[in-house]
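The values are calculated or read from the model by the stated rules, or taken from the named source; none is laboratory data. These numbers come from a predicted model, not from an experiment. Every residue, glycine among them, receives a Cβ derived from its backbone with ideal geometry; neighbour counts consider all protein chains shown. Just so you know, the surface numbers come from the protein's heavy atoms only, side chains and all, with ligands and any DNA or RNA stripped out. Shrake-Rupley method; radii C 1.70, N 1.55, O 1.52, S 1.80 Å.
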Amino acid sequence: MERQISIVEYFYDEDGEESKGSRCGYCKSSGTSISQGMWGHQVSCQDYQDLIDRGWRRSGKYLYKANMKKTCCPLYTIRCDATEFKPSKSHKKLMKKVAKFLNDTPTGTTEQTQETHKEKNTPASLQVTEEVEKEKSQLQTENKSIGADPNKPKCRKAKEIRAERKRQKLAAKGIEMSEQPKETKEQEGKTLEELIAAQLPTDQSIHKLEVKLVKVDMDDDEFQTTLKESHRVFRKYQMNIHDDEPFDCGFEQYKRFLVDSPLVFEKNSSAPTTGWGSFHEQFFLDGKLIAVGVLDILPYCISSVYFYYDTDYSFLSLGVYSALRELHLTKELNKSSSDLKYYYMGFYVHSCPKMKYKGQYSPSYLVCPETYSWIPIEKCAPKLDVEKYSRLDETDKEDAVVDINTVRVLVSQAGLMSYVTYKSRFKSKNDEDEVKQYAQLVGPLVAPRMALYRH
């Protein structure tokens, strides 16, 4: 059998979805989170792309889709167009804070350091003379009651002084900084690329931040090298942020959740330089692993699976920082794969205040739970303010009904066949309701391609 065929096992509940209710991770109520699920034995990246566009998502190898009309907190798939993304003021502020942490001198300001250096290299007699002259100048200024001292240069704004310092630093490196009209640079602001470039290490940097993208592969030496340390960071994060007990975040739990993946790695002419599949984006500070973003790189997007970090570095707001780095990565991959332009942030939960922050990455879109078309979040918010569940598409479009005879099934010891062939060969099987439910949930694109496993 060809390797790229997706094989899934659907979990059907004959008694109805209500019997599958579990505790909600958003509103914390018991037995109110309703979803359908299936096990991904192996799933092609194109099939998974089409599944997440219909509201599916994975946790390890388990794929699930919320029953939007019945669940307590409807989960809307959200994506941001990375090619159109512009960082907000708060995003820029955070990126500058990270750059400052990486590049600033540890003791005082640059001016203080220069002053200290000057004092160390100036003879004591000259230092005394300078002090006397300084005091004399101060007395003269104090005795003047009106007007500015004509011997002193005009006062300049702090912004102008900073620009002058920057110009001098660049000039020392042989780089000329062009003079720009005030309004141009200030109105446009820095791009995400420029903000990240400001964090690149220099000879004067105090800290070095390195970001690596590693393919998830238990047989790969590079991935294995950091696996134990990656689990240690995860364990610390879960215990400090989510109050997990140590036995809840052991290595096996970590592996099932964030290492195991049903996605089949693929590299072809359509894929970016990384290929398609599951990856860990690792953040190293001065050689120490401090954070990991678990990502799926798919034909049209980067899908964020999970993010965890060393809580000693919470002051760097690493959750927001990682999202900005993932948006940047999406833009970079778009250069070699023009179809890959979106950043999927998982689920948007309008009824949960902690999850609404995802709408701040603009431009963002939510998928309509009835038509599976993408709607700008600005048009969705007023509807979701009124009702937790809402049809977001205002057109008369309807989801296509799937002909279950086109569904592909994989029968144990009999092989791959269409559902119509399966029905004629195994007349005793009474699973039409199950296959119909499965086919409609995965949709008309995927149902004829994926193999539904039948015992």
Practice task
Could you tell me whether the range 264-282 includes any residue that is in a strand (DSSP E or B) and of a type in the set (Gly, Ala, Ser)?
Solution key: yes
Exercise for the section: Could you grab the pairs with beta carbons closer than 7 Å, sequence gap of 6+ or different chains, first residue in the range 384-413 and under 18 Å from Glu434 (Cα atoms) and in contact (Cβ under 8 Å) with a residue 12 or more places away in the chain, second one hydroxyl-bearing (Ser, Thr, Tyr) and open to solvent by 50 Å² or more (accessible area, probe 1.4 Å)? Expected result: Leu410/Tyr453
Exercise for the section: Enumerate the pairs (first residue in the range 200-221 and of a type in the set (Ser, Thr, Tyr); second residue anywhere and modelled with pLDDT under 95) with beta-carbon separation below 8 Å, excluding pairs fewer than 6 apart on the same chain, so at least 6 apart or on different chains. Expected result: Thr202/Asn103; Ser205/Asn103
Practice task
Please indicate, with yes or no, whether at least one residue in the range 242-257 is surrounded by fewer than 20 Cβ atoms within 10 Å (Cβ to Cβ) and among the polar types (S, T, N, Q).
Solution key: yes
Problem - Checklist (1) modelled with pLDDT under 95; (2) outside the structural domain of Ile7 (by the TED database) applied to Gln413, failing item - result: (2)
Completion exercise
Considering residues that are open to solvent by 30 Å² or more (accessible area, probe 1.4 Å), under 39 Å from the mean Cα position of the chain (by Cα) and of a type outside the set (S, T, N, Q), the number found within the range 402-431 is 3
Practice task
Scan the range 334-348 and give yes if some residue there is in contact with a helix residue (DSSP H, G or I) (Cβ under 7 Å, 6 or more places away or on another chain) and in a helix (DSSP H, G or I), otherwise no.
Solution key: yes
Practice task
Pick out, from the range 50-103, the strands (runs of 3 or more DSSP E) lying fully within it that include 3 or more residues that are open to solvent by less than 10 Å² (accessible area, probe 1.4 Å).
Solution key: 76-81
Exercise for the section: Residue by residue through the range 302-324, note down the ones that are open to solvent by less than 10 Å² (accessible area, probe 1.4 Å), outside any helix (DSSP H, G or I) and either out of contact with any Ser or Thr (no Cβ under 7 Å at 6 or more places or on another chain) or outside the structural domain of Leu263 (by the TED database) (or both). Expected result: Ser303, Tyr308, Asp310
